[in-house]
Amino acid sequence: MPASTPDPEDLTARARIRDAALRQFGERGFEGATTRAIAETAGVSPGLLRHHFGSKEKLREACDEHLVKLITRINEQVGADPSGGGVNYVAASLAALGPYRRYLARALTEGWAEPVFDAMVRMSEQWLAGLDERRSDPPFTGRRARATVGTAMALAVGILHEHVSRGLGADVSGEEGAHLLALTVLDLYSHPWLTPEEAAGHRDALERSRTGAGTAARPTEEHSDE
């Protein structure tokens, strides 16, 4: 099922309530949104909302589950055809997640939506597992650490949508902007800013600075114990 094709479940009252919650949580935050306002936005009674979800916390969990399902579907499509097959997956992903951008921005910056972030990290780890097999040099950090930072960087494009669009001179949710964004991402991935030798030099400098900081801190700690 293409990412842009509605899930049959999305035609139900339960889905309307969930989508209304995504909008309300994105606009007002979890604490500011009320079940009454969510029910009104969905065009249902508060009683029907409680029947389907029970509580606002359970409703938020349903929002996260929906986004995990959507992101997983996109990831599976990319995995089935990594070359793209004539599809701009950057544009497709932005379009699929566009309606939820405000929710993601608020949820992630305020520290919730852990299931969404963690699912993306797991997917990134799977991609890195294959890439690591083709590396000629060992990675500086573990796969989990790299997947976590990579996920944060990928999410930043959607969260900073307006700023990225302004910087590129085109709305990344439109065809021209999405094309430019995809080309830019490809260029950054295929032409690293540092050579392996330069990266190794910076890594060694970081390790030396860390060792030096630890050495400098010990006399202070010992002095405080006297």
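The values are calculated or read from the model by the stated rules, or taken from the named source; none is laboratory data. This one's a predicted model, so the numbers in the text were calculated from it and none came from an experiment. Neighbour counts run over all protein chains shown; Cβ positions are idealised from the backbone, glycine included.
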Selected residue (criterion: modelled with the highest pLDDT) from residues of region 174-206 that are loosely packed, with under 10 Cβ neighbours inside 10 Å and either in contact with a Ser or Thr (Cβ under 7 Å, 6 or more places away or on another chain) or farther than 19 Å from Ala92 by Cβ (or both):
Asp187
Before we move on, is Gly142 without any contact (Cβ under 8 Å) to a residue 40 or more places away in the chain, of a type outside the set (D, E, K, R), exposed (fewer than 14 other Cβ atoms within 10 Å of the Cβ) and within 26 Å of Gly29 (Cα to Cα)?
no
Just name the residue that is surrounded by the fewest Cβ atoms within 10 Å (Cβ to Cβ) out of those in region 21-44 that are in a helix (DSSP H, G or I) and among the small types (Gly, Ala, Ser).
Gly32
What do you reckon, is Trp112 under 22 Å from Ile17 (Cβ atoms), aromatic (Phe, Trp, Tyr) and at pLDDT 90 or above?
yes
With Gly130, Gly169 as the choices, which residue is of a type outside the set (Val, Ile, Thr), at pLDDT 95 or above, exposed (fewer than 12 other Cβ atoms within 10 Å of the Cβ) and over 18 Å from Ala92 (Cα atoms)?
Gly169
Step by step: first the residues of region 106-127, then only those that are assigned to a helix (DSSP H, G or I) and touching an Asp or Glu at 6+ places or on another chain (Cβ under 7 Å), then the one that is surrounded by the most Cβ atoms within 10 Å (Cβ to Cβ). Which residue is that?
Val116
Test for Gly47: is it over 18 Å from Leu155 (Cα atoms), touching a residue at least 40 places away in the same chain (Cβ under 8 Å), more than 17 Å from the chain's Cα centre (by Cα) and part of a helix (DSSP H, G or I):
no
In region 39-72, how many are of a type in the set (D, E, K, R), within 30 Å of Gln126 (Cα to Cα) and in contact with a helix residue (DSSP H, G or I) (Cβ under 8 Å, 6 or more places away or on another chain)?
4
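Kindly establish whether Ala154 is out of contact with any Lys or Arg (no Cβ under 6 Å at 6 or more places or on another chain), surrounded by 11 or more Cβ atoms within 10 Å (Cβ to Cβ), at pLDDT 95 or above and outside any loop (DSSP other than H, G, I, E, B). Lay out the reasoning, then the answer.
Working: out of contact with any Lys or Arg (no Cβ under 6 Å at 6 or more places or on another chain): yes; surrounded by 11 or more Cβ atoms within 10 Å (Cβ to Cβ): yes; at pLDDT 95 or above: no; outside any loop (DSSP other than H, G, I, E, B): yes.
No: the conditions fail for Ala154.
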In region 60-105, what count of residues is obtained for those that are buried (at least 19 other Cβ atoms within 10 Å of the Cβ) and among the basic types (Lys, Arg)?
1
With the requirement that a residue be farther than 20 Å from Arg102 by Cα, outside any helix (DSSP H, G or I) and either touching a residue at least 12 places away in the same chain (Cβ under 8 Å) or among the aliphatic types (A, V, I, L, M) (or both), what does region 164-208 give you?
Leu194
Starting from residues that are farther than 21 Å from Ala119 by Cα and out of contact with any Ser or Thr (no Cβ under 6 Å at 6 or more places or on another chain), keep the ones in region 47-59 and report whichever is surrounded by the most Cβ atoms within 10 Å (Cβ to Cβ).
Phe53
